[in-house]
Amino acid sequence: MRQMPPATPFDDDKLKEECGVFGVVGMADAANFIALGLHALQHRGQEAGGIVTYDRDAGFQSARRFGYVRDSFTSQKVMETLPGEIGIGHVRYSTAGSKGNTAIRDVQPFFGEFSMGGAAIAHNGNITNADALRRELIDRGSIFQSSSDSECIIHLMARSLQRNIPERMKDALRRVEGAFSVVAMTRTKLVGVRDPRGVRPLVLGKVGEKGYALSSETCALDIIGAEFVREIEPGEMVVISDGKVVSSKPFEQVPSRFCIFEHVYFSRPDSILGGRSVYETRRQIGVELAREAPVDADLVCPVPDSGTPAAIGFSHESGIPYGMGIIRNQYMGRTFIEPSEQIRNMGVRLKLNVNRALIKGKRIILVDDSVVRGTTSQKIKDMLLDAGAAEVHFRIASPPTMWPCFYGVDTPDRDKLLAAHMSIEQMRDHLGVDSLQFITLDGLYRAAGEADGRDANAPRYCDACFSGEYPVVPSDMIDKGFKLKDAAE
């Protein structure tokens, strides 16, 4: 059995979304609404954020900052530099480019000045042929300012011969492979586009008579008082100006494959995806888990906060009482770091603490959303046993994560994924728990509304991180030797 590489003590041991995008048009002081929207999307990226606006007198203005939205875009001084009734914003967690070593030039939105005027874009997803595109563009004279794959879109737009910016964007995105939900803007138009498979989410909202918003999730529409209109469809482009929404389908039609992990973990539980409440899907995952993997125990506890809805569902279906056996420190910021080796070694105890009075002497079912490297799971198990738990049983609200994602999720290398090299029984021994069970892929699909489970011939979702079945083999990965046969090994 392979020894797992060590992870850093402060590693959350979770898969990370790349980013969130948000834009508004037809609203005075657009930047203030964008900042609110980005705050609601902060869970999709905490590394950095940016806003671009346009005002007839001031022109295009931008601000890009590292850190949280609340620390970067709440001061009056900053917001006064972003006037206008149209703008877009982005929160970032890097999956492409300079991971862990981000420069401010990598922070979106990106801006380009074209012969017909300026345009800015913000991108959620991952361009899987970015390396090839970048080489081609550099050979033809393009000068890149960032390490981000998203900048390729601006350069492709610059080389298009189309006469307006939305048409140039269509040209550019037809060259792009992978996952993209894009929010873009010109001086007068707000543009939203989803890739043909609709891997990443994008929704449309309406504010007042002429105001519109585009967002990665519906929860960000709620915060600005926008009415949810509909999801942007896979392969659709919408162009919004003068209170009107014009839709087109510029790409070849292919079966949609929305990311199923949005239901499991990425999206906020108060968002709506595909007409379904994310919270209800996660609660139903817990119901399915209780049916598939019952265990005799005294208490069902979530790993907060991502395991909470599934734990509630597991408790309801099993009849075993639900309890908050672990309490999260809500004020643990990302910047509270490394005052000493002793503090670093406390690991997850800075974020989570066991409710000893509730745990002692009990057989605990611990419900979490996923196991990636397993490092945090081990520490939580140790904390429960130290607090006097009689038994610890893990129930996981997703199938084993066995393959990397190339569509906008920061998955570790495959050799760092616990499930890629261990059976479930080996993982149980490695984690040192009394039992370990994951929801099946069919159970996950049932919880997401597919009554008959997963259709192996035409899966509704992208579930490659669990199944190894990628909708498209990424071009850049082929160049690096990755093949679909890897998934069957």
query: Which semi-axes, in whole Å and largest first, does the equivalent ellipsoid of the chain have when worked out from the alpha carbon gyration tensor as the square roots of 5 times its eigenvalues?
result: 39, 24, 22
query: In whole Hz, what ³J(HN,Hα) sequence does the stretch 205-211 give by Karplus (6.51, -1.76, 1.60; θ = phi - 60°), x for Gly and Pro?
result: x, 10, 10, x, 6, 10, x
- line: Residues whose built amide H sits under 5 Å from the amide H of Phe258, excluding neighbours closer than 5 in sequence, are Cys462
query: About the Cα centre of the stretch 187-250, what is the dipole size in debye to 20, counting +1 per Lys and Arg Cβ and -1 per Asp and Glu Cβ, all else neutral?
result: 260
statement: Whole-Hz Karplus couplings 3J(HN,Hα) for the stretch 103-117, θ = phi - 60° and coefficients 6.51, -1.76, 1.60, Gly and Pro as x, run 9, 4, 5, 7, 7, 8, x, 9, 10, x, 9, 10, 4, 9, x
message: Looking at the chain only, what percent of DSSP beta bridges run antiparallel? Nearest 5 please.
response: 80
field: Nearest-ten-degree value, helix 308-318 long axis tilted from longest Cα axis of the chain
entry: 40
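Where does each of 168-175, 113-120, 362-369 land if you order them by average Cβ count within 10 Å, highest first?
Ranked by mean Cβ neighbours within 10 Å, highest first: 362-369, 168-175, 113-120.
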- prompt: What are the semi-axes of the equivalent ellipsoid for the stretch 130-256, taken as the square roots of 5 times the Cα gyration tensor eigenvalues, largest first, in whole Å?
  reply: 27, 16, 14
query: Each residue of the stretch 241-253 in turn: what ³J(HN,Hα) in whole Hz from Karplus with 6.51, -1.76, 1.60 and θ = phi - 60°, glycine and Pro shown as x?
result: 7, 6, x, 10, 10, 10, 10, 8, 10, x, 10, 5, 6
query: Taking a threshold of 18 Å on the Cα-Cα distance, which of the pairs Lys206/Lys249; Lys381/Lys416; Lys170/Lys249; Lys360/Lys381; Lys170/Lys206 fall above it?
result: Lys206/Lys249; Lys381/Lys416; Lys170/Lys206
- line: Expected sort for 427-433, 161-167, 105-111 on mean C-beta neighbours within 10 Å, highest first, is 105-111, 427-433, 161-167
task: Considering Cα pairs under 8 angstrom that are at least six residues apart, work out the relative contact order of the stretch 85-165 and quote it in whole percent.
output: 32
message: Per DSSP helix of 4 or more residues, -39500 (n - 2.57); summed, then divided by the residues of the chain. What does that give at 222 nm, rounded to the nearest 500?
response: -7000 deg cm²/dmol
Counted charge near Ser146, where neighbours are those whose Cβ lies closer than 12 Å (Asp, Glu -1; Lys, Arg +1): +1
Gly67 long-range amide H proximity, modeled H, under 5 Å: Ala48, Gly49
- request: Hey, can you grab everything whose amide H is under 5 Å from the amide H of Arg363? Only 5+ residues off in sequence or another chain; H modelled, so Pro and N-termini drop out.
  value: Asp298, Leu299, Ala390, Glu391
- prompt: Where in the stretch 113-143 does the amide nitrogen come within less than 12 Å of the point 7 Å from the Cα of Arg159, taken along Cα to Cβ?
  reply: 132-143
- request: Please give the peptides 21-29, 446-454 ranked by average Cβ packing (other Cβ atoms within 10 Å per residue), highest first, as a rough proxy for protection.
  value: 21-29, 446-454
message: Considering only protein heavy atoms and a probe of 1.4 Å, how much of the accessible area of the chain is carbon and sulfur, as a whole percent?
response: 48
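The values are calculated or read from the model by the stated rules, or taken from the named source; none is laboratory data. Since we're looking at a predicted model, the values are computed, not measured. Counting neighbours? That spans all protein chains shown, and the Cβs are built from the backbone with ideal geometry, glycine included. These area figures cover heavy atoms from the full protein model, side chains too; ligands, DNA and RNA do not enter into them. Shrake-Rupley method; radii C 1.70, N 1.55, O 1.52, S 1.80 Å.
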